1. PRE reach from HIS179 (point 7 Å along Cα→Cβ): which of the stretch 248-291 fall under 19 Å by backbone N?
2. Arranged by the count of other C-beta atoms within 10 angstrom, fewest first, what order do CYS143, CYS159, CYS31 take?
3. Could you grab the Rg to Rh ratio for the chain? Cα atoms only, Kirkwood for Rh.
4. For the chain, build the charge dipole from Cβ charges (+1 Lys, Arg; -1 Asp, Glu) around the Cα centre, then report which of LEU131, GLY278, SER96 sits farthest towards its positive end.
5. Using the eigenvalues of the Cα gyration tensor, what equivalent ellipsoid semi-axes result for the stretch 327-460 when each is taken as the square root of five times the eigenvalue, whole Å, largest first?
6. With the crude spin-label approximation of a point 7 Å out along Cα→Cβ, what separation in nm comes out for ARG186 versus SER110?
7. Extending each Cα 7 Å along its Cβ direction at VAL44 and SER439, get the distance between those two points in nm, one decimal.
8. Tell me, what is the FRET efficiency for ALA271 and VAL214 to the nearest 0.05, using R0 = 35 angstrom and their Cβ-Cβ distance as r?
Amino acid sequence: MVQGKFGGEAELKPTISVIGLGYVGLCTAVCFASRGFMVYGVDVDRERVHNLREGHPPLYEPNLENYLNRTLRTRMFLPSDDLNSAVDKSDVTFVSVGTPSLDDGSIDLSSIKQSSSAIGTSLRNKSTRLLVVVRSTVVPSTCDKVVKTEIEAASGRKCGKGWGLCMNPEFLKEGSAIHDTLYPDRVIIGESDKKSGAALMSLYRKFFRRRVIVKRMSLVNAELVKYANNAFLAMKVSFANMIANLCESLALADVKVVTEAIGLDERIGSAFLNAGLGYGGSCFPKDIKALAAFGRKQNVDLPLVHATAAINKEQPLRSVDLAEKLMGSLSGKRVSVLGLAFKPDTDDMRGAVSIPIIKDLLQRRANVVVYDPKAIPQARSIFEGSVTYAESAIECIRGSDVCILVTEWESFRDLKAQEFAKLMKHAAIVDGRRLFDPSQFSRVKYAGVGLGPNQKARIV
Ligand SMILES: NC(=O)c1ccc[n+]([C@@H]2O[C@H](COP(=O)([O-])OP(=O)(O)OC[C@H]3O[C@@H](n4cnc5c(N)ncnc54)[C@H](O)[C@@H]3O)[C@@H](O)[C@H]2O)c1
């Protein structure tokens, strides 16, 4: 424990280790360290550990580099690949290793198994109590049947005897991960026993600087909350996109007007009702697939989950169809793609809708030029020499026949209709995220997702 001050009173701060220093683990680690907790970060990827020690985060996230360098300077955050020593020094160990999809949609639990077993081995000779907190997204019963079982087998100690287990799902959004870690809208604590839940409550009381809603429950309920939460949000996105497709068949209809209006109904709410090209990223697609696979395993049909995924699979490619509607065959045409990351303010291209869109464009023999403020290095490793990489949005659209706006980076909002008209060979834009005001685009062929036909001011 580290002696610290909070709310004017001296208090003991538990020492923490974080296993897995990706998005979730790294943000958790530097946020705790920034609030005066001693944090030992552990990752199996030695290059990642080396770069972290040098102050270079493996991913772009607003403020992350600042937090990392600040906490390295104060020596409150120590990254290493030595799990044994980190766990030995800790009171609390967060597990935030990856749980990627397997071919059948279920999740790969090998990193969870490996890290649980390694924690168990360290626990064998540990003289002080340890609280193990799973932050990775894992399907129901994993904490009980995999994490607990592995730790018990490797440590020779039953859960509750010198160690306890919590499931504490993470809800951060990439692009605002640091903020979301410091100021979550609620904390979910699944607990193996009351003592473990209370210990995590107490840790968070020392970490947060304002009141936060905490819900305590069983391990399996906490595991389910994460999946149900993401499935519901993804379903809202697919619902908006389904209505968008209907709007595109109706003169003067506009999904933006419709979803803004229904979002005002307090029972519905406006979040995640933006029609566009579908959801992407490292979580929603993976979690929806995992939930569907878990339903199959349990012999329970989950039709809303299947419909959500089916709509999302088709949605990105509608932008290519819209481009063809504006320009005719895309074969041999120069198509500029603005935005590659799965959402603004990140360089993450995992599950990004730009990937199927660009693949489809290449299949239709278009010459594709792409630009993203952060994700070009990631795009290069995916598309290699098959597309042209522009160094700015202006360079990307220059000389192109049609432009597809894929990711709604704030900086793209500054592009003016006159610039598209002046720089492009044929000024035609597919606004996949409804970033622009169509009425400003009278000199440009404009098609927006969810915008009905025959809208004079919009499509000339
Ligand atoms: N990225 C998000 O926005 C987000 C949000 C909520 C929940 N989650 C969930 O959190 C978990 C982690 O996600 P992420 O995006 O941070 O993953 P990530 O792939 O970015 O990072 C995982 C890290 O764990 C490390 N690792 C793997 N096995 C290890 C082991 N045995 N010991 C130590 N380190 C190990 C990897 O090297 C990697 O650095 C996943 O289950 C994910 O579904 C992610």
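1. Of the residues in the stretch 248-291, 270-274 have backbone N under 19 Å from the label point off HIS179.
2. Ranked by crowding around the Cβ, least crowded first: CYS159, CYS31, CYS143.
3. So for the chain, dividing Rg by the Kirkwood Rh gives 1.02.
4. Of LEU131, GLY278, SER96, it is LEU131.
5. 23, 16, 14
6. Output for this residue pair reads 3.6 nm.
7. Using points 7 Å along Cα→Cβ, the separation is 5.7 nm.
8. 0.95
Taken together, the values in this text are just the output of simple stated rules run on the coordinates, not laboratory data. Bear in mind the structure is a predicted one, so any value in this text is a computation, not a measurement. Virtual Cβ from ideal backbone geometry, glycine too; neighbours counted across all protein chains shown.
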